[in-house]
1. Filter region 184-200 down to residues that are crowded, with 18+ Cβ neighbours inside 10 Å and in a loop (DSSP other than H, G, I, E, B) and give me whichever is nearest to the chain's Cα centre (by Cα).
2. Which numbered condition in (1) part of a loop (DSSP other than H, G, I, E, B); (2) within 30 Å of residue 284 (Cα to Cα) is the only one that residue 126 fails?
3. Can you work out which of the residues in region 202-235 that are at pLDDT below 85 and surrounded by fewer than 21 Cβ atoms within 10 Å (Cβ to Cβ) is farthest from residue 256 (Cα to Cα)?
4. Quick test of your reading of the structure: residue 71 fulfils all but one of (1) free of Cβ contacts under 8 Å to residues at least 40 places away in the same chain; (2) loosely packed, with under 12 Cβ neighbours inside 10 Å; (3) under 21 Å from the mean Cα position of the chain (by Cα). Name the failing condition by number.
5. Can you spot a residue in region 122-139 that is exposed (fewer than 13 other Cβ atoms within 10 Å of the Cβ) and within 27 Å of the chain's Cα centre (by Cα)?
6. Would you point out which residue out of 95, 27 is assigned by TED's automatic domain parsing to the domain that holds residue 198 and out of contact with any helix residue (DSSP H, G or I) (no Cβ under 7 Å at 6 or more places or on another chain)?
7. Out of (1) buried (at least 16 other Cβ atoms within 10 Å of the Cβ); (2) over 25 Å from the mean Cα position of the chain (by Cα); (3) closer than 28 Å to residue 254 by Cα, what's the single condition that is false for residue 10?
């Protein structure tokens, strides 16, 4: 179970092997510690030292957020992993392994963008041929960036490290992201169309929901990284910065499109969220409290393999002809990717293979 606690005044305590959650808006809830995997905490939520100690003994990660943006992570010593794994992770940053990992992650995020646009285009061929062609063209342009990345790989010399080549790599990924978001954002219903990715603050409902989704997803990735014994702050594609969980951000890149972007497309195109479900504040667009629980539940089903029988990015009159997709437990996929990374770092595998979405 993953807990999301955002109501100011909420207090988390403990009683025996239970966590007690008291909130101004609802009755007290008690949850067995063994059922909790991670907690995302918002402003104004308090966790007692006794509860924190017990959560630590159960290896529960806690992600602290402010206005939907993570600013701190509590990782228990129980998740420390082996010294050898972490030594290899740090050493890899200065040799060919770090550049290999970063390049593979960059390939995954580019390829997943291409595949998602192809997926959307396929589902629109009959209902919206013009939009389908637009999406296909964007996917082809992203394919060209993938080819540029292939050339980049061929030009890597023996002494190259990620520190030397990161700017080039991020430039390739950045160009593909610009192509992708223009196509992705422009394909929403007219009142929700967006042409630029904005974060702080999110300037429209789609960007708001993307930021919220990525924040929650980062909590799951953090749990996977910790369970694999890796150093959360020792990334490769993302540069090191104090307080920045760069490895979690690295692995997050592999799951943005298959989980968050696909889910949000479905929600808006099926009319499950409307303009009135968002407040436009000084901090940008924010989903109302009433609708947050809906989004959390939909995201939970998406991550854990819930009902995904509706194809995405389709018109309502086309939904009756869709094919059912296989249910995938993405939580297990995240853990699997973190362990793949560990195996590559310690020499148990010769390459790191990133997560590439099905479509």
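1. So, considering only residues that are crowded, with 18+ Cβ neighbours inside 10 Å and in a loop (DSSP other than H, G, I, E, B), the one nearest to the chain's Cα centre (by Cα) is 197.
2. If we test residue 126 against (1) part of a loop (DSSP other than H, G, I, E, B); (2) within 30 Å of residue 284 (Cα to Cα), just (2) comes out false.
3. 229
4. Single failed check for residue 71: (1).
5. no
6. Answer to the selection: 95.
7. For residue 10, the failing item is (3).
One line per residue, one yes/no per condition, for (1) modelled with pLDDT of 90 or more; (2) over 24 Å from residue 185 (Cα atoms); (3) surrounded by fewer than 16 Cβ atoms within 10 Å (Cβ to Cβ):
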| position | (1), (2), (3) |
| --- | --- |
| 294 | yes, no, yes |
| 316 | no, no, yes |
| 320 | no, yes, yes |
| 329 | no, yes, yes |
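The values are calculated or read from the model by the stated rules, or taken from the named source; none is laboratory data. The shown structure was predicted, so the numbers you read here are calculated from the model rather than taken from an experiment. Every residue, glycine among them, receives a Cβ derived from its backbone with ideal geometry; neighbour counts consider all protein chains shown.
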